[in-house]
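The values are calculated or read from the model by the stated rules, or taken from the named source; none is laboratory data. The structure displayed is predicted, hence computed values, not measured ones. A quick note on method: Cβ atoms are made from the backbone with ideal geometry, for glycine too, and the neighbour counts reach across all protein chains shown. In case anyone asks, the SASA skips ligands and DNA or RNA and just uses the protein heavy atoms, side chains included. Shrake-Rupley method; radii C 1.70, N 1.55, O 1.52, S 1.80 Å.
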Amino acid sequence: MTNDSKESKLTIENYLDNHYIHRSNWLRAAVLGANDGIISISSLAIGIAAASATREPIVLAGVAGLVAGALSMAAGEYVSVSSQTDTEKADIEREKVELKEMPDEELNILAQIYERRGLTKETAMQVATEFTEKDALAAHVRDELGINEISQAKPIQAALASGASFTIGGVLPLLAVLFAPVKGMEYWLYSSTILFLIILGAISAKTGGSSISKAILRITIWGTIAMGLSALVGYVFGVRV
Ligand SMILES: [Zn+2]
């Protein structure tokens with residue numbers, strides 16, 4: 001394929017898809033949820049395992065933790081993203097009023113924004129005028145309020161992504177609880193969880209275009225601290241059931 005045909009095949013859509021930032025919203029929610037699922041369920045299970053000589057209490061705590069955790073992640077994400085949506089909507093409504101009440105000032109503000117981005121005064125005013133003639137609200141929402149399709153909050157999508165990824169993450173240590181020997185369950189849980197965290201760290205770093213080694217180091221240190229403290233609590237308060 002010659003360079004010309006390659007360039008002609010490049011459209012704004014497939015060009016933008018190449019950039020990591022377009023993956024940021026769902027990636028962040030998915031990794032956060034899975035991370036949380038893995039670490040909180042494994043820590044919970046390790047704490048119970050440190051205090052229990054049988055499998056049933058660990059399974060029970062793991063399943064209860066998974067359901068509670070997934071629902072609270074989804075609810076938390078829904079509430080926080082909804083309030084962001086409310087703020088965005090209120091801002092857009094205010095912008096509509098300002099555009100109606102003071103169109104000239106708004107045009108100047110838009111031109112100043114483009115000037116600050118490096119355009120000459122004349123070009124900035126020209127661009128602002130053309131955008132305003134085409135769709136004033138869209139131009140102000142995008143360039144003045146900084147709300148665009150990529151960053152626009154979608155509460156249901158975010159809640160489902162968080163709840164689902166927490167569940168997927170939390171199921172992994174639960175599998176270890178179900179199939180690993182009860183004797184030394186804490187160590188089976190710790191080592192399998194660190195493995196899951198390393199895989200997740202590598203995937204999220206690769207997808208997000210960031211350093212894999214840094215991501216793995218970060219995630220295993222925090223995982224170790226969380227599981228270590230939970231095990232400590234289990235040992236301190238542990239009564240052999
Ligand atoms: Zn404005």
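Looking only at the stretch 98-135, count every residue that is among the β-branched types (V, I, T) and open to solvent by 70 Å² or more (accessible area, probe 1.4 Å) and tell me the total.
1
For I150, all conditions in the list (1) modelled with pLDDT of 90 or more; (2) part of a loop (DSSP other than H, G, I, E, B) hold save one; what is the number of the exception?
Checking I150 against (1) modelled with pLDDT of 90 or more; (2) part of a loop (DSSP other than H, G, I, E, B), the one that fails is (1).
Within the set of pairs 6+ apart or on separate chains, which have a first residue in the stretch 130-150 that is closer than 15 Å to A111 by Cβ and away from the ligand (no atom under 11 Å from the Cβ), a second that is in a helix (DSSP H, G or I) and open to solvent by less than 60 Å² (accessible area, probe 1.4 Å), and C-beta atoms under 6 Å apart?
Final answer for the pair search is F131/A139.
Go through (1) within 16 Å of the ligand (Cβ to nearest atom); (2) without any contact (Cβ under 8 Å) to a residue 40 or more places away in the chain; (3) open to solvent by less than 40 Å² (accessible area, probe 1.4 Å) one by one and return the number of the condition I92 breaks.
Single failed check for I92: (2).
Name the pairs whose Cβ atoms lie under 6 Å apart, with the first residue in the stretch 59-78 and without any contact (Cβ under 8 Å) to a residue 40 or more places away in the chain and outside any helix (DSSP H, G or I), the second among the aliphatic types (A, V, I, L, M) and surrounded by 18 or more Cβ atoms within 10 Å (Cβ to Cβ), and 6 or more positions between them or separate chains?
Nothing qualifies.
What pairs come out if I take residues in the stretch 193-212 that are touching a residue at least 60 places away in the same chain (Cβ under 8 Å) and over 14 Å from V31 (Cα atoms) and pair them with residues that are of a type outside the set (G, A, S) and open to solvent by less than 50 Å² (accessible area, probe 1.4 Å) whose C-beta lies under 8 Å away, six or more apart or interchain?
T193/I38; T193/I39; T193/P173; T193/M227
Looking only at the stretch 113-132, which residues are farther than 27 Å from T85 by Cα and assigned to a helix (DSSP H, G or I)?
E115, R116, K121, E122, T123, A124, M125, Q126, V127, T129, E130 - these are the residues of the stretch 113-132 that are farther than 27 Å from T85 by Cα and assigned to a helix (DSSP H, G or I).
I need the full set of residues from the stretch 172-185 which are closer than 15 Å to G62 by Cβ and surrounded by fewer than 16 Cβ atoms within 10 Å (Cβ to Cβ), in order please.
Those that are closer than 15 Å to G62 by Cβ and surrounded by fewer than 16 Cβ atoms within 10 Å (Cβ to Cβ): L175, L178, F179, V182.
Considering the stretch 186-211 alone, what residues qualify as being modelled with pLDDT under 90 and open to solvent by 40 Å² or more (accessible area, probe 1.4 Å)?
Within the stretch 186-211, I203, K206, G209, S210, S211 qualify.
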